[in-house]
Amino acid sequence: MAAVVDRSTLNIDEAAQALGVNRLTLYSAIRNGESPVPVIKIGRRLVVPKAALDRLLAGEDVGTGTERVAADREAQGLPPTIDPAVPARVAEILTHQGGDRS
């Protein structure tokens, strides 16, 4: 039996549910650079930090998605890890799921 791990991130479906929106709505916001929370690309996966989502839902400023993660990493003396291809990847996902209506 696998051990239960308390994750620090949520997948897009989980984040969309917490925000009360459809996952395609969140994918669209990410693609358009309008995500209300930071999005991290790990390989082909997109994840949302739980801490940022919690701050947003508590009414705190979480910045503008990828810019916030890059700024947080810079403040820690780390290089930014945000892949500029994230919006393109989201568009690709939407296209394959039939959700791209632009």
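Every number in this text was worked out from the coordinates using simple rules, so none of it is lab data. All values reported here derive from a predicted model rather than from experimental measurement. Every residue, glycine as well, gets a Cβ built from its backbone with ideal geometry; the counts of neighbours run over all protein chains shown.
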Problem set entry | For VAL47, VAL62, order by how many other beta-carbon atoms lie within 10 Å, fewest first | VAL47, VAL62
Problem set entry | Nonlocal amide H pairs with VAL39, under 5 Å, H built at 1.01 Å | THR66
